[in-house]
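Structure, as structure tokens:
Bear in mind these aren't lab numbers, they're just calculated from the coordinates by the rules spelled out. Being a predicted model, the structure only gives us computed values, none of them experimental. Virtual Cβ from ideal backbone geometry, glycine too; neighbours counted across all protein chains shown.
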Amino acid sequence: MNHKFLIISFLLWLGFYSSHSQTIEEIDYYANLENNAVHRYMEEVVYEPNEASVINDYRNDGSYRKDWPNYVAMTIKNNNIDSVYIICRNEERLKDSLKFKVPVNNGKIKLYNLIPNRTYLYKILYDGQLLQQGKIKTDGQLRMIKIPGNVSNIRDLGGWKTIDNKTIKYGRIIRGTELNGKHSVTEEGISILRELGIKAELDLRAYYNEGNNVSVFGFLDENSTPSRDVPTYCYTNNSGQLPEHLDNFNWLYRWRKEFQFIVNNLSEGRCIYEHCVYGKDRTGYLSFLLEGLLGVPYNELIKDYELTYFYNKKESTKSSIDEALEYIYQQEGETLRDKFNSFFINKLSVSQDDIDYFRDEMLDDPNSHIVIDKGDANDDGEVDTKDIVDIVNHMMGKQTSTGYFNEEEADINGDNVITIADIVKIVKHIILSW
């Protein structure tokens, strides 16, 4: 998300954007972002060790693309518009806010690639005018992503629960097929991936794979990056043949390099696109190791690996991961997460500090969110930057944006005086939600 967009969005949400007297529609929308087959699979399947895979019971459900998400179906009154900009703002997690340019077909809009289980405040813009606004409520867990071009099997690592009730954050690592080579992304697709936050690329292809060692984003590897900067592109020349055992020296070396690249880029606030050719085996194995390290339990590890089979005709079932898990279970530790921890330390020579940092960056603790039970000074149903502006205006004796001011809501500290201290609490609430 670039600075220009942030500035424009900030001004818009402060109320400085003009609607040019056009009537603004107020409409709320709802969508479960998991397609039917995936939703059933996610809801119904619970694997235990030594159980056979059941994914074929779900992947043959209809002829639609099962590696694509559902969309939010929206409508506008003007049938002559061919495209609009949609800004979606999430108040609880401002970093999840998104902006898309989307086509319009006879007033109908298909909005893809939002994050599941979120409530967005949205605005639809056309030619500098605000056409429609309201709320979008999304459900589901798995975030599949639809990108224009001959690319597939793209999904966010976020959404999976860990053994201690934390959740992998969305928008940190996105996995999928290659974007050049046998598969190719369009310029529009690259723009969408950039809007989704992609700022680094981890290329797991082999030297003989077409398109290897080239970033379609123009990211730079360690040989092209200034010495003080963190490279944004990493090519590890992974063989297409997965190792028979997890203690294969060449693979251990690559996984260590890949993990370090991920940690370094997370420290720079970058979302990483992880891929091989099909986003299946090499990508699936690395994702399996990362999720295990984060504390994702057995059932979910298996299901995430199998999800690729909704796209790829070649088998990607639990038997492949069960074999790898046999080796993980031999490592030290009481829980499966502890055993992955031992594998990373003893086999990959990764430091515990890097592991702890990786977990801190990747996991969302439900108890860590800043909650304030007041602050809606203008009574619009949200605690946001508009309330800050209205509190300042009230303190200066000026008119508020709504013409109404709720002194009880503005007095966050409860000391019967509205001061800068109340504003500071709202600012902290907003900043810490990024």
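What is the mean projected area of the alpha carbon convex hull for region 102-184, to one decimal in square nanometres?
Average of the hull's projected areas for region 102-184 equals 7.7 nm².
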Fill in: For Ser349, Ser191, order by how many other beta-carbon atoms lie within 10 Å, fewest first
Ser349, Ser191
Worksheet item: According to the square roots a ≥ b ≥ c of the eigenvalues of the Cα gyration tensor, what is the shape class of region 180-303, taking rounded for a/c under 1.5, prolate for a/b larger than b/c otherwise, and oblate for the remainder?
Response: rounded
Worksheet entry | Per-residue HN-Hα couplings for region 213-223 [Karplus 6.51, -1.76, 1.60; θ = phi - 60°; Hz; x = Gly/Pro] | 6, 9, 9, 5, 7, x, 5, 10, 8, 5, 7
Response to the item:
Asserting the computed 222 nm helical MRE of the chain (DSSP H runs at least 4 long, -39500 (n - 2.57) per run, divided by residue count, to nearest 500) equals -9000 deg cm²/dmol
Worksheet item: What ³J(HN,Hα) values, in whole Hz, does the Karplus curve 6.51 cos²θ - 1.76 cosθ + 1.60 give for region 409-417 when θ = phi - 60°, with x put for Gly and Pro?
Response: 5, 6, 7, 5, 6, x, 9, 6, 9
Fill in: Convex hull per residue volume in Å³, alpha carbons only, for region 24-167
137 Å³
Response to the item:
DSSP beta bridges in the chain: the antiparallel percent, rounded to 5, is 65 percent
Fill in: Charge dipole magnitude, Cβ of K and R +1, D and E -1 - the chain, Cα centre, debye nearest 20
1460 debye
Practice prompt. Going by C-beta contacts inside 10 Å, put Glu51, Glu409 in order with the fewest on the left.
Written response: Glu51, Glu409
Worksheet item: Of Asp415, Asp139, Asp164, which is the most mobile in a GNM of the chain whose springs link Cα atoms less than 10 angstrom apart?
Response: Asp415
Worksheet entry | Geometric extent, Cα atoms of region 147-207 - Rg, Dmax (angstrom) | 13.4, 41
Worksheet item: So for the chain, taking the charge dipole from beta-carbon charges (+1 Lys/Arg, -1 Asp/Glu), which of Phe344, Thr232, Pro297 sits furthest toward the positive end?
Response: Thr232
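Could you work out the local net charge near Pro69, counting Lys and Arg as +1, Asp and Glu as -1, over the other residues with Cβ closer than 12 Å to its Cβ?
Neighbourhood net charge equals +2.
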Worksheet item: Considering only Cα-Cα distances, which of the following residue pairs are longer than 22 Å: Lys182/Lys280; Lys101/Lys386; Lys257/Lys339; Lys257/Lys303; Lys95/Lys123; Lys166/Lys374?
Response: Lys101/Lys386; Lys257/Lys303; Lys166/Lys374
Discussion item. P(r) for the chain, please, calculated from all Cα pair distances in 10 Å bins and given in %.
Written reply: 4, 19, 28, 24, 15, 7, 2, 0
